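Values quoted throughout were computed directly from the atomic coordinates according to the rules given, and no laboratory measurement underlies them. Just so we're clear, the structure is a prediction, and the values are computed from it rather than from any experiment.
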Amino acid sequence: MTTTSLTQATTSGAARGTRRTRRDWRGWAFVAPFMVVFAAMIIAPVVYAIYLSLFRQQLIGGNAFVGLGNYVAVLQDDKFWASLGRVSLFLVVQV
């Protein structure tokens, strides 16, 4: 019976690091177009909607900053809680 030994080819650490960096860059290059479109179509409108929710819209005289006053008004409104109850009931019935 013969004995055979296997030797692994080794590469230097510098060569592995360069190859990995190149691979990482390519991955980001494929993801970048999606991230740009996602930010433009999803994130920017959500941020703008939050910004607008901090103001009271007035037809004459411009917008007035009210801070969290709009949210306080909604949470104190009975119609909001009634509609939230209806939506919750619809959710329970459908699921």
Item to check | For Phe55, residues with placed amide H under 5 Å, excluding near neighbours | outcome: Val66
Checklist entry - Rule-of-thumb check for region 13-94: C-alpha Rg over 2.2 N^0.38 Å? => result 1.99
Checklist outcome for this item: With 0.36 nm assigned to each residue of separation and the Cα-Cα distance removed, Ile42 to Phe90 gains 14.6 nm
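How high is the relative contact order of region 45-95, in percent, counting Cα pairs under 8 Å that sit 6 or more residues apart? If you can, show how the numbers build up before the last one.
Values: 23 pairs, mean separation 10.5, N = 51.
Answer for region 45-95 is 21 percent.
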